[in-house]
Amino acid sequence: MSAETLSENNMHDEGMKVRREVLGSEYVDNATSHADDMTVEFQRFMTGYCWGEIWTDERLDRAQHSLIVLGITAALGKTREFEAHSRGALRNGLTPDQLTAVIRQVAVYAGVPAAVSMLPSVRAAIAAHERVIKAEGKDVTRTTPQKTEILLAGVSVSPDELSQLTVDTIGPRADPSDGQPVESGRRISDDGRTRVGVWECTPGRFPVARDGSHSFMYILSGNATVRGSRGDIHELRPGAVLVEPDGWSGEWEIRETIRKVYVITRTNPF
């Protein structure tokens, strides 16, 4: 065995050790057990290079490595990887408050949609982390109240605050296919291109079509099903995220009054 091969084996072994310590053995076993002829070499490369060389670079500690990965995966919209590394970040010593701080900074540098879409992943990671701590018999009581915040139009607000925000009645929808849905809303900001606000609607069914705009939304409360004209179906519950791209059309069926925070970006100014 050559010295180079020995070095690669050592790097792989050390990488696997770090990978398990950060992501957890269950996650790693699931990833490696599904490796086939096409991906087995890629798994070895990732373990040896990513985890055995990059993550073992002691110029950054584990928590600093985690912060970098969280920022990049959030900006790229990789929710699965973001959640896995959020759990790893908590193992590496970051606190739930620090994960919230990451989300706020992502909102500034990568945009509100990127940040808001990561909120369910943060919640899931914190909940899983606390279950592990509780199972170990440790105290999970937090010394300060935890409040997930997002940045909208330069103002930091929490989902709880948005849920309680007073909205103005807009009126009954003019196009219901079932029921008598009534809309309410509150605009937070509007620069002529991007509009941010809170929207609420009572039960009913109605068509929606995006023509000249992209809509991103985060569901604060309620229960609904959205069916796209191309067969896509979305179940909306608190914490759900929905994107309606320009050209999308479909039908909303609201069973329990829905409230959402939205970001609408037009291809032409409002």
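Remarks
- The single residue among 178, 191 that is at pLDDT below 90 and surrounded by fewer than 16 Cβ atoms within 10 Å (Cβ to Cβ) turns out to be 191.
Let's see how each residue does on (1) more than 18 Å from residue 199 (Cα to Cα); (2) modelled with pLDDT of 70 or more; (3) surrounded by 10 or more Cβ atoms within 10 Å (Cβ to Cβ):
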{"position": "119", "(1), (2), (3)": "yes, yes, yes"}
{"position": "125", "(1), (2), (3)": "yes, yes, yes"}
{"position": "128", "(1), (2), (3)": "yes, yes, yes"}
{"position": "135", "(1), (2), (3)": "yes, yes, no"}
{"position": "146", "(1), (2), (3)": "yes, no, yes"}
{"position": "150", "(1), (2), (3)": "no, no, yes"}
{"position": "160", "(1), (2), (3)": "no, yes, yes"}
{"position": "174", "(1), (2), (3)": "no, yes, no"}
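Results for (1) under 14 Å from residue 120 (Cβ atoms); (2) under 20 Å from the mean Cα position of the chain (by Cα); (3) modelled with pLDDT of 90 or more, shown as yes or no for each residue.
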residue	(1), (2), (3)
215	no, yes, no
221	no, yes, yes
231	no, no, no
236	yes, yes, yes
245	no, yes, no
250	no, no, yes
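- Members of segment 88-98 found to be buried (at least 21 other Cβ atoms within 10 Å of the Cβ) and touching a residue at least 60 places away in the same chain (Cβ under 8 Å), listed by number: 88
- Scanning segment 70-83 for residues that are crowded, with 21+ Cβ neighbours inside 10 Å and aliphatic (A, V, I, L, M) yields a total of 2.
- Segment 180-225, subset touching a residue at least 60 places away in the same chain (Cβ under 8 Å) and not in a strand (DSSP E or B), residue nearest to residue 258 (Cα to Cα): 181
Rundown of residues vs (1) closer than 25 Å to residue 10 by Cβ; (2) modelled with pLDDT under 90; (3) outside the structural domain of residue 119 (by TED's automatic domain parsing), yes/no style:
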position	(1), (2), (3)
41	yes, yes, no
56	yes, no, no
64	yes, no, no
72	no, no, no
89	no, no, no
92	yes, no, no
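- Test for residue 208: is it among the β-branched types (Val, Ile, Thr) and at pLDDT below 90: no
The values are calculated or read from the model by the stated rules, or taken from the named source; none is laboratory data. None of the values given here were measured: they were computed from a predicted structure. Neighbour counts are summed over all protein chains in view; Cβ atoms, including those assigned to glycine, are modelled from backbone coordinates with ideal geometry.
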